[in-house]
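Notes to accompany the following structure.
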Amino acid sequence: MADKTKVAEQYYAPPPDLGKWEAFRIFLYNSETGQFLGRTGSSWAKILLFYLIFYAALVGFFAAMLAIFYQTLDAKMPKWQLDGSIIGSNPGLGFRPMPDSANVESTLIYYKANDKGSVLKWAKVIDEFLEQYRKKGSGSGEASGAENRVPCSPTSGALGEKQVCDVPIDEFHPCTAANQYNYEAAGPCVFLKLNKIFNWQPKPYNNTEDLPGNMPEDLKSHIKMVSGKPEANTVWVSCEGENPADVENIGPVQYIPRRGFPSYYYPFTNKEGYLSPLVAVLFEKPRTGVLINIECKAWAKNIFYDRYERRGSVHFELMVDRS
Amino acid sequence: MNSKSSSLSSISDLFRPNNPKRLRSRDLSSTRLSVLKKEIQTDMHLIPLKDLFVLLGTDPVQGLTSTRAAELLEYYGPNTLTPATQYGWPKVLFKSLCTGFSILIWLGASLCLIAYLIEISTKPNASSDNLYLGCVLIAVDVICGLFSFYQNYKSSKIMKTFNNMIPQYSNCIRDGVLNSETQVHDLVKGDLVQVKIGDVVPADIRIINSKGFKVDNSSLTGESVAVPRSNSEGTANILESPNVAFFSTQCVEGWALGVVMCCGDLTALGRVAGLAARLQPAPSPLSREIIRFMRYVSAWALLLGLFIAGSSIVLGYPFMQTTVFVIGIIVANVPEGLQPTITAALTLTAQHMIKKNCLVKNLEAIEALGACTTICSDKTGTLTENKMCVQHIWMANASYFVMEPEFNSLIQHNLAFRDLKNCGALCSTATINTTGEIHGDASETAILNFFGKYDDLKSIRKILPKVAEIPFNSVNKYQVSVHLNSVTSTYLVVMKGAPECILTRCTTIALEKKDASLTTEIRKAADTACDNLANTGERILAFADLILDPAKYPLNYNFDTDNLNFPLEKLRLLGIMGLMDPPRKEVRRSIERVREAGVRVMMITGDHPATARAIALEVGIATTENCHVLTGSDLRNMTPDLLNWTLEKHYEIVFARTSPTQKLQIVEACQRSGGVVAVTGDGVNDAPALRRADIGISMGITGSQVSKQTADIILMDDNFATIVTGIEEGRKIFDNLKKSVCYILISNVPEILPVLVFILFSVPLPLGVMTILCVDLGTDMWPAVSLAHEPAESDVMARPPRTSDPLVSSRMLTLVYGHLGLIEFTAGMFAYFIVMAEHGFYPAELFGIRRYWDNEAINDVRDSLGQEWTYAERKELERACQATYFVAVVVMQITNGIICKTRYNSLFHIGMRNKVLNFGLLFEFALSCMICYIPGVNNFFRTYPLRWRWWFLALPFSVLMFIFDELRKYCIRRKMFGGWFNKLTYY
């Protein structure tokens, strides 16, 4: 039997068992075959060339398809509009100044009224936002299309093909840059704007009929005042405290220059130089040192309100400290 | 001797009740298993009976005393088979819930829940998205887990089937009193038991006294031959020792008194049962590969997840954002549909096999059969019919093969045949009842069956009634009976037995027409005939007769069989007959085909080497006379290494006289050298080997209950040819599973890359986690499964079994991740960009937009055309884009289903004849429509009712992919560019 096992050794010779590290080292560089990571240099060159060509062709095809598709699009006009588009025909509201978006999902405007730096920080945010509104008239270095802006009023006639209505932000006193938007006076201004939706035309509440029941009383009385006049063709705006405590803390509210977005700014058709109309909401005397939840709503017959989806409304918090 | 008895005592200790060695239950089970794998080592059957009685502390007449018996019963436990320790169902359930990808999905789910908890604790009105996703992931996990639990959890019934073989009562002598109602499980070592005809031996007993005692050892050897057992000298191998009768064997003749040597698990049967129940079959090649693949994918997904988590935290992303990244990466990387697809594909094949009379009990066995490299076949009942038949007759100086068509005419007027027929009909202990059924031992039944074809045996027996008889015994090796011929009023002596005994007693021979004296030449011819028959493995019987002189033996002569008063010399030789258990008809052709397919066939039998060799030659397991035959005693002296070496050196091997344990050793030796082993068997003795083999195949008609219980596959019609079909199906399903896996993996690429794009380029997420699940567990499923229905692409039986050809090869991964998957990804991204652009967000605008897009606080994100979008509107657009991406993936996957139909041939060559796949592709389309358009359903899956035009966005890419793949296959067929594509992507 001993003989037999000897014979067996001749027949049965398993491959030399390389250690894991040794095998890996040979995989990295095999000096016998000149293989590097399992391939020789020329093999690597070939495979890289192949993939280069293959991926280039793929990217080329992709780009070509995109280019062909772009021919079907209009550079100025979205393909789908209003209800045909997912954007729908129910604009939301936006507010400025907004906290830095890096500052996670916050809608809090917080500052210290007697801290210069804190005030300036917010004023700068608004300045940047209003930059495009300032660039007036012709001249080099200014926003393209600024020359198209013309002053409009509820009674002015139809605009020219290229013309858009101007937004006179210098008349927003006290919410002006010079006044640092009244932040230092502990009565901050918050700018509201209605989301632009291509070709959207408001159906304003321009008389006292059909006013919805949940409309704030002061807005109702305001509409009653202007009812029938041309300036009644406005998308109205109201800002209120969300909870009873907030209502108490919010203090008096002023809407500057008027209580809404005049309908002569609409429809938005992506004309060059178009400016979104603004309403500066001046919180004259909010209680200091407490956080106030504020909800502003836009009112028109074709704006529907939904707090959860933020339709036709916007939410933010305000906190003014005076230490 | 000392060492033997000490090892014996340690074994019996190991099997005592109440866990005497204080081992953990699993350790106990494995220790028992390793002990059982060893051959039985004992000398209880060799030592003189007297010593045995002393050793066992019993009395040869009185038996044990009741108190002693009760003590022993208390100490050693009852005489039953102990079931193996099994995992309880909670453990199996837990394992099913935590295997493979489940762990990753659990991780994803818990991340979702953690994110949700953080959100509700920090935000006043937290969205329940994460909770929802977490619940869905948990549901996916639990459903998959329950599915595999259902697959895995089979309570083992093996021991129960074994226990069914054991009788309830036995005749036991205790305190000198015979009690015929002693419960078998109360028997202990040293008990005296009596066994009569028809009884089942209640334990391993050593015979003290017997008369004509014969047992059928088929439960241990697989050969249903009655073997005589008596109080004689034992042989070293206890299984062949003529003085031992084993537990569960049946007494077919005579009676015996014996002393119980061992009980329960320690008996020969107990060991077989213990092995069969405790052995765990090795995981099948397929599941080994799936486990390996899952491990790689999991490691890759975890690594990528950790890398992304780490870098996003370093880059200053908040924790919430990081969890979203990681969940996306995990869910996208895991091919959730893989396991269900493979199971479903195998189930379908199994159902297909049932139609071919092949019952697949263990799904993976069918694929393993395709990969199998060695078939170890039992002989009796598997290769042969397990029914003795007359094969050859030598008479009147000539040999005849009874199957020959001319045989009938050749013997028609042959006087020798007439006398041979009479002799065969008369000299037999077998009985024929009124309906013509024959009862007796295998050879006699075969002889009577054979002659029954030529004459009415009952009338012969009536004309020639039996007056005296000497039954067969192993000393005389012949049997004799005397019959009265009522017509001629003479007595006829007929004799049957081993040729060497009969031939010496003969002086004349019956020829065709007349009798002649038995010359030396004829005697030589008879001897050669015997040798020839013996070499073909046939059992040889010679027949002779003698008409007694009526003068010397008048009517009513009193024949005395004990003190012979009639001659048994000067007989007339009638003929010599060769009997054998013939191989099944289809076996030879099947083995030929199996061997063509590169599968090695070996025979492992409990039968004699000569018979085994003869059958091996006949069925083609051996192609030359001198094939290697190893017997059980050879094996006993072999080290495992030597056995491995022998297996390597000789391709054709026949193992004869093997014990159940040795069968197991051979199977394990084959597996050690890397083979995938199939075992076919029908007997109880095959059970351990069947269990251990990668594929255990049992016979449905002749197979024992135990073998069917342990087998993975049952051939319902006992047709060996079904194995060939099985191998073919197994290989086909493997080829097709590759296609299925390729198909599933391709959709993984357009699932992973969007998450990476989302993270790297800060675009809105192109494909949501819910839609990923929709693809993996919804739309992809049916087409993937139906790819298993593809016909074989080439002759699968013409190639050797796969050894190094994995299910998921690096070539497949190159094709999937480097080629096709990327085309699919570009299609998805194209669709996504288009929908965004149509709504005003041009691609350039999208890069880097995520910080605004996903910020719930920002209510006015500007698009490229100046429109401003609220958060809700943005998210709805995102859903629409994700749905379009999903639809693009579905369209691409439909193309892919067509592409994956073939790995080599052109689709135009193959055609679209796979109806199941065609329906599957239609179903895929319909399902994606349902997911997108049915209100509520689309909300559930976070999809969107798309414009119909968006369905066509992926079409150019699907055409591109199709053309590319056809080109690739063309290059593969032509081996163009020096076989570039073959090396790179031919999986």
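Every number here is computed from the coordinates shown, using simple stated rules; none is lab data. A quick note: this is a predicted structure, and the numbers were derived from the prediction, not measured. Reconstructed Cβ throughout: ideal geometry from the backbone, glycine too, with neighbour counts over all protein chains shown.
The table below gives the values:
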| item | result |
| --- | --- |
| Cα-centred dipole magnitude for segment B:124-251, charges only on beta-carbon of K, R (+1) and D, E (-1), debye, nearest 20 | 280 debye |
| Length-normalised contact order for chain A - Cα pairs under 8 Å, 6+ apart - percent | 21 percent |
| Which listed pairs, of B:K361/B:K585; A:K20/B:K739; A:K76/A:K162; B:K421/B:K462; B:K453/B:K496; A:K193/B:K123, have C-alpha distances above 24 Å, in listed order | B:K361/B:K585; A:K20/B:K739; A:K193/B:K123 |
| Of B:K514/B:K570; B:K356/B:K708; B:K387/B:K524; B:K356/B:K915, pairs whose Cα-Cα distance is over 26 Å | B:K387/B:K524 |
| B:F307-B:I701 FRET efficiency (beta carbon distance; Förster radius 56 Å; 0.05 resolution) | 0.40 |
| Full-stretch length increase - B:V475, B:K95 - with 0.36 nm per residue and alpha-carbon distance subtracted | 130.7 nm |
| Most positive-pole-ward Cα, A:C152, A:T176, A:W236, against dipole of segment A:123-261 from beta carbon charges | A:C152 |
| In Hz, Karplus ³J(HN,Hα) per residue of segment B:475-491 (6.51, -1.76, 1.60; θ = phi - 60°; x = Gly, Pro) | 7, 6, 6, 8, 9, 9, 9, 10, 10, 9, 8, 5, 6, 9, 6, 10, 9 |
| Residues B:K211 and B:S66, FRET efficiency given R0 of 22 Å [Cβ-Cβ distance, rounded to 0.05] | 0.20 |
| Cα gyration tensor category, rounded, prolate or oblate, for segment A:110-245 with a/c compared to 1.5 | oblate |
| Pairwise label distance in nanometres, B:R973 with B:Q168, each label 7 Å out on the Cα-Cβ vector | 7.1 nm |
| Cβ crowding within 10 Å averaged over residues, with B:333-344, B:796-807 ranked highest first | B:333-344, B:796-807 |
| Paramagnetic reach from A:D321 in segment A:178-212 [backbone N under 18 Å; point 7 Å along Cα→Cβ] | A:183-188 |
| Centroid-to-centroid separation of segment B:403-435 and segment B:24-85 [C-alpha atoms, Å] | 50 Å |
| B:Y817, B:Y871, A:Y205 arranged by Cβ crowding within 10 Å, fewest neighbours leading | B:Y817, B:Y871, A:Y205 |
| Exercise: per-residue mean of other protein chain Cβ atoms within 10 Å, B:833-843 | 5 |
| DSSP bridge orientation in the protein assembly as shown - percent antiparallel, rounded to nearest 5 | 75 percent |
| Given charges at beta-carbon only (K, R positive; D, E negative), |dipole| of the protein assembly as shown in Debye | 1000 debye |
| FRET efficiency estimate (nearest 0.05) - Cβ-Cβ, B:N558 to B:R418, R0 30 angstrom | 0.50 |
| Normalised contact order of chain B, rounded percent, pairs of Cα under 8 Å and 6 or more residues apart | 11 percent |
| Amide N of segment B:580-614 lying under 17 Å from the label point, which is placed 7 angstrom from the Cα of B:H650 along Cα→Cβ | B:600-614 |
| Degrees, to the nearest 10: B:640-649 long Cα axis against longest axis of chain B | 90 degrees |
| Protection-proxy order for peptides B:117-126, B:774-783, each taking the mean of Cβ atoms within 10 Å per residue, highest first | B:774-783, B:117-126 |
| Charge-dipole axis of segment B:385-437 as Lys and Arg at +1 and Asp and Glu at -1 on Cβ define it, positive-most pick from B:N386, B:P405, B:T431 | B:T431 |
| Segment A:13-119 shape via C-alpha gyration tensor axes, a/c threshold 1.5 | oblate |
| Segment B:280-319 and segment A:244-265: distance between their alpha carbon centers, rounded to Å | 56 Å |
| Helical mean residue ellipticity (222 nm; -39500 (n - 2.57) per DSSP H run of 4+; nearest 500) of the protein assembly as shown | -13500 deg cm²/dmol |
| Rel. contact order, % - alpha carbon contacts under 8 angstrom, at least six apart, segment B:221-261 | 29 percent |
| Anisotropy class of segment B:829-916 from Cα gyration tensor, a/c 1.5 cut | prolate |
| Span from the segment B:206-267 Cα centroid across to the segment B:455-511 one, whole angstrom | 30 Å |
| Amide H within-cut-off set for B:C506, under 5 Å, with H built and near neighbours excluded | B:L571 |
| Positive minus negative residues near B:S284 (Lys, Arg vs Asp, Glu; Cβ under 11 Å) | -4 |
| Estimated dipole of segment B:814-966 in Debye, rounded to 20 [Cβ of Lys and Arg +1, of Asp and Glu -1, Cα centre] | 580 debye |
